[in-house]
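The values are calculated or read from the model by the stated rules, or taken from the named source; none is laboratory data. Remember, it's a predicted structure, so these values are computed and weren't measured experimentally. When we count neighbours, we look across all protein chains shown, and the Cβ atoms used for this are built from the backbone with ideal geometry, even at glycine.
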Amino acid sequence: MKTLKRLTLALPLVCGLAHGQDALLYRTEAVRTLPGSGHSWGFGALDPNSPTLFVARRENGLSLFDVQRQKALGTLANSTGANAVVLVPVRNRAYVANMDGSLGIVDLKQRKVLERLPVDSGNLNNLLYDGHSDRVIITSGRRGDHSTLYFLDPASDRIVGERDIAARKLDGPIGLKDGRFIVPLRDEDQVAVLSGPQLAEQRLLSYPGCGKPSALAADEAGGHLFVACRGAPPVLVIADLASGALQATLPITHAVNTLAYDAQRKQVLIPSGVDASLTVVGQDADGRFRLRGAVGTRPWAHNMVFDAQRGRAYLFAMDFTQPAPTAEVPKADPQFHADTFSILTLKAH
């Protein structure tokens with residue numbers, strides 16, 4: 001099986017680490033299983049004002065999970081198709097990007113879907129809250145030759161603008177405190193830095209050896225931009241956040257979908273569902289970044305929410321059967337097992 005073969009690629013990352021407890025980096029603290037028979041899932045978000053994790057589980061809707069009690073809190077009604085979620089407590093709102101192109105508008109206190117606002121004819125891929133301009137920026141799913149950004153005013157819960165980008169797919173974006181919006185253009189091998197009221201000012205970044213950029217994180221205090229690149233071989237690009245200039249490139253694991261930066265420990269967390277691992281890249285006293293190791297997780301644990309307050313990382317996975325290849329179907333889709341969707345809690349050591 002391809003998955004088992006690739007698992008061995010993560011093992012050299014842990015070589016050379018000191019023995020003992022200091023080498024553990026992260027440990028699996030808990031695994032909890034939620035009901036449901038869906039065969040895919042999207043992204044999650046953590047409520048900054050409560051220990052509640054919101055998980056977009058597509059066919060199974062938007063599930064809520066208490067990370068402190070490690071207990072499922074249920075699934076919101078009328079949330080089927082949830083692909084990504086962003087929380088805006090200052091507006092008492094959560095917004096859900098849905099697979100049918102609608103935007104779920106959620107009363108955060110009542111935890112109730114108020115409306116599914118039609119936005120796009122296809123699926124919505126991701127979204128974030130831009131506190132600098134008090135707006136929600138929504139990204140469309142894969143398109144033929146362009147993608148669309150939609151701007152929502154959280155005061156009125158209505159779309160107030162949009163902008164097309166010459167890119168076939170927009171992966172998960174990040175927003176900076178100064179209002180800059182940075183998004184990977186996977187199919188174009190570029191990263192777009194957008195700014196201005198309508199994000200009309202555009203700067204395109206590309207790096208040698210960085211094919212298929214797919215995930216971003218930023219260290220705003222230290223001035224670093226991190227880019228996960230899925231190409232062959234997969235690498236992590238570390239760049240200057242202001243200029244975009246390349247600072248370093250490090251090897252990482254396969255098919256990275258999300259990144260997180262832990263400001264307290266000055267390290268980047270890099271989950272790979274293909275390699276069933278969480279790679280940790282840390283910054284030394286001299287300012288250089290190096291591989292610190294890789295912690296085993298589970299196959300398909302590719303999406304992650306980082307909890308800076310509690311020093312935890314939450315990853316999602318399901319049990320599955322991988323059908324054998326045949327002449328007719330050389331690469332069959334995995335068959336996920338019902339009622340096995342799991343939230344893995346990894347604690348920083």
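Output yes when any residue across segment 323-337 is within 26 Å of VAL86 (Cα to Cα), of a type in the set (A, V, I, L, M, F, W, C) and touching a residue at least 60 places away in the same chain (Cβ under 8 Å), and no when none is. Among the residues of segment 323-337, not one is within 26 Å of VAL86 (Cα to Cα), of a type in the set (A, V, I, L, M, F, W, C) and touching a residue at least 60 places away in the same chain (Cβ under 8 Å), which makes the answer no. Output the residue which, of all residues in segment 293-317 that are surrounded by 20 or more Cβ atoms within 10 Å (Cβ to Cβ) and touching a helix residue (DSSP H, G or I) at 6+ places or on another chain (Cβ under 9 Å), is farthest from LEU24 (Cα to Cα). Ranking the qualifying residues of segment 293-317, first place goes to TRP300. Only residues that are polar (S, T, N, Q) and either assigned to a loop (DSSP other than H, G, I, E, B) or farther than 18 Å from PRO271 by Cβ (or both) were counted in segment 332-346, giving 2. Selection of segment 250-273 for residues being on the phi > 0 side of the Ramachandran plot and under 16 Å from the mean Cα position of the chain (by Cα) yields only ALA255.
Yes/no per residue for (1) outside any strand (DSSP E or B); (2) touching a residue at least 60 places away in the same chain (Cβ under 8 Å); (3) not assigned by TED's automatic domain parsing to the domain that holds TYR261:
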residue	(1), (2), (3)
TYR129	no, no, yes
HIS132	yes, no, yes
VAL136	no, no, yes
ARG142	yes, no, yes
LEU149	no, no, yes
LEU152	no, no, yes
ALA155	yes, yes, yes
ILE159	no, no, yes
GLU162	no, no, yes
